[in-house]
Amino acid sequence: MFDSGFGGLTVARAVIDLLPSERLVYVGDTGRYPYGPRRLSEVREFAHQITRHLVEDIGVKLVVVACNTAAAAALTTLRADFAVPVIGVIGPGTRSLVAATRTGRVGVIGTVGTIASGAYQEAVAATGAPVELTCAACPGFVEFVERDETGGDQVHVLAERLLAPVLDAKVDTLLLGCTHYPYLARTISDVMGRDVVLVSSADETAFELRSILMADDDGRPSVTRRSGVTEPLVHRFLSSGDEDRFRRLGSRLLGPELADVEPTPWT
């Protein structure tokens, strides 16, 4: 699993909780975040580099692109270039969005790159659901999360300005189209109002991952046994940026599973 930084830990948490028998390898590309303002071609190069490392060097059996910008830029080419299954967060989140609406007025917020790519517009249209979609880019949200500033007046004022288009459209359901955004859910909910349902793609992505794995696996726990003692799985976390910072903030966001952080080869 990989993301530009800490946002994908929302997906990691959902996967660890739903699939406790699977070993997770997470790459946070914090040395090159944020992905949102970058050219999609550049993000595509990053995504292929990280996936190649996960598949060829580490030997994972499946890759989750836990970053909406990277999924918008590279999901199709990753699936074509690698033999293992590759899933993203856009499809699962979109299906949850159109299923949750009551009025048919829905919204998606994301990074500049994600919204400009048209990936969510295409995904919503592909469902065939009779909904009216309003999208809004939210530059700055990722940076607040990466600085561990998920509350306070500054982020609230920014949210009021950036969420104005979806608020004016009177959406009743809003998809957080960036895996960083669930960490800002309280602020977003305060601005949008308590009647607006916030949808995160993390849980739906975990459910899709389970369905793929269970098609091949028999569901037996995958544990390490030493001297007859069953031990819990040890997950791996890699960062291309400051490893100590990733460990400190990441452990607060994810939980005790994130105890050690390794450098990436391109650090």
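Can you pull out every residue in segment 8-32 that is of a type in the set (Gly, Ala, Ser) and either over 21 Å from LEU254 (Cα atoms) or not in a helix (DSSP H, G or I) (or both)? GLY8, SER21, GLY28, GLY31, listed by residue number. Within segment 113-142, the residues that satisfy the criterion of being part of a helix (DSSP H, G or I) and surrounded by fewer than 16 Cβ atoms within 10 Å (Cβ to Cβ) are ALA116, GLN121, GLU122, ALA125, ALA126, THR127.
When THR205 is tested against (1) closer than 30 Å to ARG95 by Cβ; (2) modelled with pLDDT under 90; (3) outside any loop (DSSP other than H, G, I, E, B), exactly one condition is not met: (2).
Being under 26 Å from MET214 (Cα atoms), of a type in the set (Phe, Trp, Tyr) and outside any helix (DSSP H, G or I): is that true of TYR35 here? Walk me through it before giving the result.
Working: under 26 Å from MET214 (Cα atoms): no; of a type in the set (Phe, Trp, Tyr): yes; outside any helix (DSSP H, G or I): yes.
Against the criterion (under 26 Å from MET214 (Cα atoms), of a type in the set (Phe, Trp, Tyr) and outside any helix (DSSP H, G or I)), TYR35 does not qualify.
Okay, residues lined up against (1) within 25 Å of ARG147 (Cβ to Cβ); (2) modelled with pLDDT of 95 or more; (3) touching a Cys at 6+ places or on another chain (Cβ under 8 Å):
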residue	(1), (2), (3)
MET1	yes, yes, no
PRO34	yes, no, no
VAL60	no, yes, no
ASP81	no, yes, no
VAL86	no, yes, no
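Scanning segment 65-76 turns up at least one residue that is free of Cβ contacts under 8 Å to residues at least 24 places away in the same chain, among the β-branched types (Val, Ile, Thr) and assigned by TED's automatic domain parsing to the domain that holds PHE246.
The values are calculated or read from the model by the stated rules, or taken from the named source; none is laboratory data. Predicted model only: the values in this text are computed from it and were never measured. Here Cβ is always computed from backbone atoms with ideal geometry, including for glycine, and neighbour counts include all displayed protein chains.
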